[in-house]
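There's a structure below that I have some questions on.
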Amino acid sequence: MSLRVIELSGVASVQDLGRPGHAHEGVPTSGAADSLSLCVANRIAGNADGAAGIELAMGRLRVESTRPTAVVCSSGGRSFEVVELGAGDSIDFSPDDGLCRAYLAVAGGVDTRLVLGSRSTLSGAGFGGHEGRPLQVGDVLAVSEPQGTQTILPSYGHAMVQFALRGRVLRVVTDGAEAGLPAGLLRVSPKSNRTGVRLERLGGGHPIETGPSRGVLHGTVQAPSSGELVVLGPDGPTTGGYATVGAVIAADLPAVGQLVPGQWVRLEAVERETALELLAHQRVTLDAMIAPIE
């Protein structure tokens, strides 16, 4: 079974939950920028959390199924519902208003070649996903055999995503940071992408001297000499010499992946223990709404 891309605007790619554990080799984790939305869609589609799906940023995508299948989309009027497609049927979707990305899970998961244990696209390195690049019209994606589907009220699934997006407040752990956490509102720059989300300060920022290169990770908030802040994304570098103001907590990384250029956010410092508690609470809440597929 397969899905064929028949219409596309924006940037679409195959993503799963990424390939952690290879930063020492210079390979970022990649994976879904909003892992929570992909995880919810996968569970409803009857997939394991780490099944590969399609991520779409700032555009519209239409795919056609070659055989009967079930899909779950994170956006639109039937968000987080199982949609049955017959052979030759198609579905189109785009991110909901106020969100940057939408996800499509297909029962069985998208079946591309594993690279370092993941099917995620890392286009900067030219590997993973479909031919190591963003999707194009005419691409055909193989799909694995499905395991089944789950039943859940779509409002619950949508509420779970909003759980990660509320307030446009990004909570940050500041342990060991060289620069202070800025107060006030920050505006999302149109130069943002999967490598990093750029945040513009009102009135501009003060340049900070760079230092020796050291390890960084998804969610690290850098303060380059331009005066902006950069929240490193899933395809961000694994080392950097810019000063840092901290790291966005894991529970809020899905919210970072949904920020749209022009939106306003603010940063709020939390303790490391609080960050761990918030992540554990998010996982318990998700499991209570939709049990994981074993």
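Report yes if residue 64 is in contact with a strand residue (DSSP E or B) (Cβ under 8 Å, 6 or more places away or on another chain), charged (D, E, K, R) and surrounded by fewer than 24 Cβ atoms within 10 Å (Cβ to Cβ), otherwise no.
yes
Here are the criteria: (1) closer than 19 Å to residue 236 by Cα; (2) in contact (Cβ under 8 Å) with a residue 12 or more places away in the chain; (3) touching a Ser or Thr at 6+ places or on another chain (Cβ under 6 Å). Tell me which single one residue 57 does not satisfy.
(3)
Right, here's the next one. Filter the range 200-211 down to the residues that are surrounded by fewer than 19 Cβ atoms within 10 Å (Cβ to Cβ) and at pLDDT below 75, then identify the one that is nearest to residue 245 (Cα to Cα).
My answer is 208.
Let me ask something else. Could you give me the residue pairs with C-beta distances under 6 Å whose first residue belongs to the range 276-293 and is under 23 Å from residue 172 (Cβ atoms) and at pLDDT below 85, whose second residue is among the β-branched types (Val, Ile, Thr) and not in a helix (DSSP H, G or I) wherever it lies, and which are 6+ apart or on separate chains?
none
OK, next. Scanning for something over 15 Å from residue 102 (Cβ atoms), surrounded by fewer than 24 Cβ atoms within 10 Å (Cβ to Cβ), out of contact with any Cys (no Cβ under 6 Å at 6 or more places or on another chain) and touching a residue at least 40 places away in the same chain (Cβ under 8 Å), does the range 74-81 turn up at least one residue?
So far as the range 74-81 goes, no, none of its residues is over 15 Å from residue 102 (Cβ atoms), surrounded by fewer than 24 Cβ atoms within 10 Å (Cβ to Cβ), out of contact with any Cys (no Cβ under 6 Å at 6 or more places or on another chain) and touching a residue at least 40 places away in the same chain (Cβ under 8 Å).
Picking from 248, 260, 197, which residue would you name as being surrounded by 13 or more Cβ atoms within 10 Å (Cβ to Cβ), touching a Cys at 6+ places or on another chain (Cβ under 8 Å), under 29 Å from residue 11 (Cβ atoms) and in contact (Cβ under 8 Å) with a residue 12 or more places away in the chain?
260
So which residues in the range 235-294 are among the charged types (D, E, K, R), in a loop (DSSP other than H, G, I, E, B) and under 17 Å from the mean Cα position of the chain (by Cα), if there are any at all?
235
Please state which one of 55, 64 is under 23 Å from residue 195 (Cα atoms) and assigned to a strand (DSSP E or B).
After ruling out the rest, the residue left standing is 55.
The values are calculated or read from the model by the stated rules, or taken from the named source; none is laboratory data. Keep in mind it's a predicted model, so treat the numbers as computed, not measured. With ideal geometry, Cβ positions are generated from the backbone for all residues, glycine too; neighbour counts draw on all protein chains shown.
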